[in-house]
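Have a look at the structure below before the remarks.
The values are calculated or read from the model by the stated rules, or taken from the named source; none is laboratory data. Just so you know, these numbers come straight off a predicted model, no measurement behind them. Here the Cβ positions follow ideal geometry from the backbone for every residue, glycine too, while neighbour counts run over all protein chains shown. Just the protein is used for accessible areas: all its heavy atoms, side chains included, with ligands, DNA and RNA removed. Shrake-Rupley method; radii C 1.70, N 1.55, O 1.52, S 1.80 Å.
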Amino acid sequence: KQYAKTMQKHKGFTIVELTIAMVVMVILLGVGVVGLRSVQLKAKDRERQSDAQAIAAYMEQLYAKEIRDGSNNVIKKAGSYPSTVLWSNTTYKDIVFADIDRNITYAPDVTGSVPSLRPATSTSPVPTKAEYYYLPRQTDGGALCSTIAQECRTFQVYYRTEVVEEQKIIEGKRK
């Protein structure tokens, strides 16, 4: 009976109980935020991988095609992948990449008019998490394919993951 009388006098929580409840909520919130961030980074990495695979699939579609410019000049031979020179000429770039899904050319969180997909300028590109590099080669492991006259026999698409910060490479099907 005395406990019931005491509870009638003191309605509500003590400052200690409120403090403990707030500390528990802050800890749970912190764990939730860290977990959410991890899920977001993994999702971005999956998107990067998917984009790189889609870019590789597009390049495979181009392999069999002969592509000509408006003057009927061959700018990409059938049985070859596009060379890096096609990026430096806007007209050629627009012709060769007319059918590519523009969404796959932008890495996660990249906005604006400059796509993330870039031609490699060396045989050892180092992409950031906001870049994809296309590296056409004359042969498997061979020299960079950088002119229309060269026959690009294979390629690699480079991208970088965010969770473990490592470079990944998608290889072309032909060697």
Selection count where residues are open to solvent by 60 Å² or more (accessible area, probe 1.4 Å), of a type in the set (A, V, I, L, M) and at pLDDT 90 or above, scope the stretch 99-139:
1
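So, in the stretch 78-112, of the ones that are of a type in the set (Ser, Thr, Tyr) and part of a loop (DSSP other than H, G, I, E, B), which residue ends up farthest from Lys173 (Cα to Cα)?
Thr111
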Of the conditions (1) touching a Ser or Thr at 6+ places or on another chain (Cβ under 9 Å); (2) modelled with pLDDT of 95 or more, Ala57 fails just one. Which one is it?
(1)
Conditions (1) open to solvent by 80 Å² or more (accessible area, probe 1.4 Å); (2) not in a helix (DSSP H, G or I) -> Ile75 fails only (1)
Which pairs do you get when a residue that is more than 16 Å from Glu66 (Cβ to Cβ) and modelled with pLDDT of 90 or more, found in the stretch 78-90, comes within reach of a residue that is among the hydrophobic types (A, V, I, L, M, F, W, C) and assigned to a loop (DSSP other than H, G, I, E, B), reach meaning Cβ atoms under 8 angstrom, with the pair 6+ apart or on two chains?
Thr84/Ala120; Thr84/Cys145
Does Asp51 count as under 16 Å from Thr161 (Cα atoms), assigned to a helix (DSSP H, G or I), in contact with a helix residue (DSSP H, G or I) (Cβ under 7 Å, 6 or more places away or on another chain) and not polar (S, T, N, Q)?
yes
Tabulated pairs, the stretch 162-174, first farther than 15 Å from Leu135 by Cβ and of a type outside the set (Asp, Glu), second modelled with pLDDT under 90 and not in a loop (DSSP other than H, G, I, E, B), C-beta under 9 angstrom, 6+ apart or interchain
Val163/Ser38
List the residue pairs whose Cβ atoms are under 7 Å apart, where the first residue sits in the stretch 107-129 and is on the phi < 0 side of the Ramachandran plot and in contact (Cβ under 8 Å) with a residue 40 or more places away in the chain, the second is among the acidic types (Asp, Glu) and open to solvent by 60 Å² or more (accessible area, probe 1.4 Å), and the two are 6 or more positions apart or on different chains.
Pro108/Glu47
Are any residues in the stretch 89-139 more than 26 Å from Val164 (Cα to Cα) and in contact with a Phe, Trp or Tyr (Cβ under 6 Å, 6 or more places away or on another chain), and if so, which ones?
Lys93, Ile100, Pro136
Evaluate the stretch 164-172: report whether one residue or more is modelled with pLDDT under 95, in contact with a Pro (Cβ under 7 Å, 6 or more places away or on another chain) and either open to solvent by less than 30 Å² (accessible area, probe 1.4 Å) or within 25 Å of Val39 (Cα to Cα) (or both).
no
Exactly one condition in (1) of a type outside the set (Val, Ile, Thr); (2) modelled with pLDDT under 85; (3) under 30 Å from Thr105 (Cβ atoms) is false for Gln2; which is it?
(3)
Condition (residue is at pLDDT 90 or above, assigned to a strand (DSSP E or B), within 30 Å of Gly70 (Cα to Cα) and out of contact with any Phe, Trp or Tyr (no Cβ under 7 Å at 6 or more places or on another chain)) applied to the stretch 140-147: is it met by at least one residue?
yes
Among the candidates Val16, Val23, Val33, which residue alone is open to solvent by 50 Å² or more (accessible area, probe 1.4 Å), β-branched (Val, Ile, Thr), in a helix (DSSP H, G or I) and at pLDDT 90 or above?
Val23
